[in-house]
1. All but one of (1) under 14 Å from the mean Cα position of the chain (by Cα); (2) in a helix (DSSP H, G or I); (3) without any contact (Cβ under 8 Å) to a residue 40 or more places away in the chain hold for residue 19, so report the exception by its number.
2. For residues that are closer than 21 Å to residue 6 by Cβ, surrounded by 13 or more Cβ atoms within 10 Å (Cβ to Cβ) and of a type in the set (Lys, Arg), tally how many sit in segment 16-60.
Amino acid sequence: MKDRDVYRLRAEQARAEADEATLENVRDRCLRAEAAWMEMATRADRTEKMRADLAAAKAAQLAESAEA
């Protein structure tokens, strides 16, 4: 399981806790936690894409230099 999947699971748990909360401050805390987990998942997605793009660029550069 990738980090982003863990972050999304945590966000879902926080949302469920917010839905069950009877106290407003607890609900607000859970919603803030959900937002934070979702932001971490978004960052993990972005990081993974950047790494894949970088790896593809390096592979292309190696292939190009091997042909020369």
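Coordinate-derived values only; no laboratory data. Worth saying up front: this structure is predicted, and the values here are computed from it rather than measured. FYI the Cβ positions are ideal-geometry reconstructions off the backbone, even for glycines, and counts take in every protein chain you see.
1. Single failed check for residue 19: (1).
2. Here the count works out to 2.
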